[in-house]
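Structure record follows, encoded as structure tokens.
The values are calculated or read from the model by the stated rules, or taken from the named source; none is laboratory data. Note that the structure is predicted; figures quoted are calculated from it, not measured. Every residue, glycine among them, receives a Cβ derived from its backbone with ideal geometry; neighbour counts consider all protein chains shown. To get the accessible areas, we keep the full protein, side chains included, count just its heavy atoms, and leave off ligands, DNA and RNA. Shrake-Rupley method; radii C 1.70, N 1.55, O 1.52, S 1.80 Å.
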Amino acid sequence: MKILTLDDFDLRGKTILLRVDMNCPIDPATNEISGTKRIEEATETINALKDSKVVVVSHQGRVGNKDYIGMTEHAKILEQFLGRPVKYVEDVIGALAQSEIKKMKNGDIILLDNLRFCAEENYEFSPEEAANTIMVKRLGDLFDLCVLDSFPSAHRAHPSLVGFSHVIPACAGKIVEREVKKLEEILTVAKAPHVVVLGGSKVTDRLEAIKMLIKRGRADQILLTGLIGNVFLRAQGRVKYPLGIKGEDDAVSKAHALMGEYPDVFFTPVDVAINNNGQRIELDVRELNKGDQIYDLGPKTIEHYSKIISGAGTVFISGPPGFFEKEGFSYGTKALLEAVANSMATTIVSGGHLTSALKKYGLAEKITHISTAGGALVLYLTGEKLPMIQSLEAAAKRSG
Ligand code: 3PG
């Protein structure tokens, strides 16, 4: 299905709403951005809109979580990457945002505040409903074009992702254009066995996608790491204490059911490294105690996982296996990425953390496709239609 791109529009002098994904990891101790990859990425499309008035919007974090903060620091970092001024407007849909947009001149760049400060951006809507939200009604008329470049949130049906594009012309930005093209190519050549290495902290989202990945032939073996690995270890009874995560009982019972239904698919760590006052201590998972801070995989797990990866036809790795940024705990992430990079398989690396890790270890060149998207990419691989992509397709169809 066709989507429009920037090449399909005369952009000069136009006021453009640019929806990017600058949702960054936030250090809970300092409330500061700890990974800037997505901000850097956003510059590509902004630079392609030099002769327009560009209003950049993004969400950051989730309501109630520590990473739910405003966009002040994002604006400063974006300005540094661009080498041009970015005006931060501490408002999303109010009078201030509207008047600042109306005052813009060609070449100006504004960054509005965290979209999720507007309640509607935390809910999913049909395109018609989204077009009817206060957000779209208040801001929609101010723009000539909506550019959607937020691939990591393409699986969300929020007003900024499916609403504006329903009422004004819309096209893909550079990242979305590239991702869609590359992933379509990859999926036509992807070969079995499909090995999925899954980590990260968004456990509920991942549990939902896993079943679809298996059913649709995109996951023959799933190697679990990180928090989701711990949930499966609990479901196996090998970790005996509660992990203290939101919705834990439900997650553990879902993991249990999945392993019952697909007994040969899942692999869990046999050993890990914990952080004991900054010191790395390696343990068998059965020796773990409540309060132990798991920071990395252990050597036996790495050896086992690397062997499975070396026999894969396609490898998809999402979510960091450990706290690779902390000294003494990079071993597992580095070793698994090396195994992926050195395999003969088609390889896809997903998520901001792993993208940074690849760069750090000089492995990026050896990977077939690298994406800062996490959950959206997982869903894309299941073959599910992503609302933001559907909305771009509908906009292309409407334009004739
Ligand atoms: C992500 O980081 O996966 C995207 O920014 C989407 O964030 P969300 O899962 O909070 O909607």
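Data table
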read-out: Every residue from segment 162-179 that is touching a residue at least 12 places away in the same chain (Cβ under 8 Å) and more than 15 Å from Ala396 (Cα to Cα); value: Lys174, Ile175, Glu179
read-out: Strands (runs of 3 or more DSSP E) contained entirely in segment 239-333, each with at least 3 residues that are within 21 Å of Gly374 (Cα to Cα); value: 294-297, 314-318
read-out: Search result, residues across segment 341-362 that are open to solvent by less than 40 Å² (accessible area, probe 1.4 Å) and either over 17 Å from Thr314 (Cα atoms) or within 13 Å of the ligand (Cβ to nearest atom) (or both); value: Ser350, Gly351, Gly352, Leu354, Thr355, Ala357, Leu358
read-out: Test: Glu208 is under 19 Å from Phe324 (Cα atoms), of a type outside the set (S, T, N, Q) and open to solvent by 70 Å² or more (accessible area, probe 1.4 Å); value: no
read-out: Scan of segment 382-400 for residues that are of a type in the set (A, V, I, L, M, F, W, C), open to solvent by less than 10 Å² (accessible area, probe 1.4 Å) and within 16 Å of the ligand (Cβ to nearest atom), ordered by number; value: Leu386, Met388
read-out: Of all residues in segment 36-54 being open to solvent by less than 20 Å² (accessible area, probe 1.4 Å) and out of contact with any Phe, Trp or Tyr (no Cβ under 7 Å at 6 or more places or on another chain), the one that is farthest from the ligand (Cβ to nearest atom); value: Ser52
read-out: Scope segment 315-340; condition open to solvent by less than 10 Å² (accessible area, probe 1.4 Å), touching a residue at least 40 places away in the same chain (Cβ under 8 Å) and either hydroxyl-bearing (Ser, Thr, Tyr) or not assigned by TED's automatic domain parsing to the domain that holds Gly278 (or both); matching residues; value: Ser318
